[in-house]
Amino acid sequence: MFSLQGKVGLVVGVANEHSIAWGCARAFHEAGASLAITYLNAKAEPHVRPLAEKVQSPLILPLDVDQEGALEEVFKAIQDKWGRLDFLLHSIAFAPRDDLHGRVTDCSREGFSRAMDVSCHSFIRMAKLAEPLMKDGGTLLTMSYLGADEVVNNYGIMGPVKAALQSVSRYLASELGPQGIRVHAVSPGPLATRAASGIKDFDELMYDAVQRSPLQKLVDISDVGALCAFLVSDGARSLTGSTLHIDAGYNILA
């Protein structure tokens, strides 16, 4: 593992032990980083707090990006605790069920706006709040999916939303690069997470990924965590603006 000794980071999106964000938090911790970890609400806290305690997180904070001022409170706690931030992981997404399960053609204005705000604009808001804390540079990571690049059955409105998120990551990389802040979108293959369970016939996507990918396997949250730990390390200091696929090679196939 690349050393993250002395680095401090924020991880947003841990829901349970199957979350991509948890795989990343575990990898960051094992590499030596100290972490602030958020949970969505009181219902989620009992599932997240024990995990955060496993990685000795000194900051375990509520965060619902829909709530006015909630994100600012998280960054204030980080400012008060460390006075800086070296990296953050944005691993949250949402679309109303009817809009997620329906055709893109039929997506409501309200559903599209909500999906874009929670899944994409929240990353912009985090970048803005992180910038003054990254005086010596840093890394911003967000999670995408192959449905941003091509049509994936039943991925629906999240495809356009993730495409926007990937574009946002490139623009942030361009704008924040002069401050030494690097930005990446990471695009894992199908994973059995709580978020994925909301996508119709997701088991078929996972089966197809195993059958067709060059490595003939699924990736897991530890694989994604290892990549993200590298990306926030000094070893990746000359990389920015990329969408990195970690899917056993599935994305290269026609």
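The values are calculated or read from the model by the stated rules, or taken from the named source; none is laboratory data. Since we're looking at a predicted model, the values are computed, not measured. Because the Cβ atoms are built from the backbone with ideal geometry, glycine has one as well, and the counts that use them run over all protein chains shown.
Couple of notes before you dig in:
- The set of residues from the stretch 74-95 being of a type outside the set (Lys, Arg), surrounded by 13 or more Cβ atoms within 10 Å (Cβ to Cβ) and more than 19 Å from PHE123 (Cα to Cα) comprises just one member, TRP82.
- Here the condition is being touching an Asp or Glu at 6+ places or on another chain (Cβ under 7 Å) and not charged (D, E, K, R); of ALA70, ALA33, ALA93, ALA77, it holds for ALA70 alone.
- Restricting the stretch 192-227 to residues that are of a type outside the set (Gly, Ala, Ser), closer than 24 Å to HIS121 by Cα and not in a helix (DSSP H, G or I), the residue that is modelled with the lowest pLDDT is ARG194.
- For the stretch 23-44, the set of residues classified as closer than 18 Å to MET134 by Cα and either in contact with a Leu (Cβ under 6 Å, 6 or more places away or on another chain) or assigned to a helix (DSSP H, G or I) (or both) consists of PHE28, ALA33, ALA36, listed by residue number.
- Failed condition for LYS217, given (1) touching a Lys or Arg at 6+ places or on another chain (Cβ under 9 Å); (2) under 23 Å from GLU30 (Cβ atoms); (3) basic (Lys, Arg): (1)
- Some residue of the stretch 28-46 being surrounded by 23 or more Cβ atoms within 10 Å (Cβ to Cβ), among the β-branched types (Val, Ile, Thr) and over 22 Å from ALA115 (Cβ atoms): yes
- Candidates are the residues of the stretch 198-243 that are over 30 Å from LEU172 (Cα atoms) and small (Gly, Ala, Ser); the one that is surrounded by the fewest Cβ atoms within 10 Å (Cβ to Cβ) is SER213.
- Scan of the stretch 140-191 for residues that are in a loop (DSSP other than H, G, I, E, B), surrounded by fewer than 19 Cβ atoms within 10 Å (Cβ to Cβ) and in contact with a Phe, Trp or Tyr (Cβ under 9 Å, 6 or more places away or on another chain), ordered by number: VAL152, ASN154
- Entry remark, the stretch 84-108: residues being among the basic types (Lys, Arg), farther than 30 Å from ASP234 by Cα and part of a loop (DSSP other than H, G, I, E, B) number 1 in total.
- When SER144, SER174 are screened for being under 24 Å from CYS24 (Cα atoms) and either modelled with pLDDT of 95 or more or aromatic (Phe, Trp, Tyr) (or both), only SER144 passes.
- Those residues of the stretch 42-88 which are without any contact (Cβ under 8 Å) to a residue 24 or more places away in the chain, of a type in the set (Asp, Glu) and under 27 Å from GLY180 (Cα atoms), in sequence order: GLU73, ASP80
- Only listed residue being at pLDDT 95 or above, of a type in the set (Gly, Ala, Ser), in contact with a Leu (Cβ under 7 Å, 6 or more places away or on another chain) and under 21 Å from GLN67 (Cα atoms), chosen from ALA93, ALA127: ALA127
- Taken as a whole, the stretch 2-22 holds at least one residue that is touching a residue at least 24 places away in the same chain (Cβ under 8 Å), in a helix (DSSP H, G or I), surrounded by 24 or more Cβ atoms within 10 Å (Cβ to Cβ) and touching a Gly at 6+ places or on another chain (Cβ under 6 Å).
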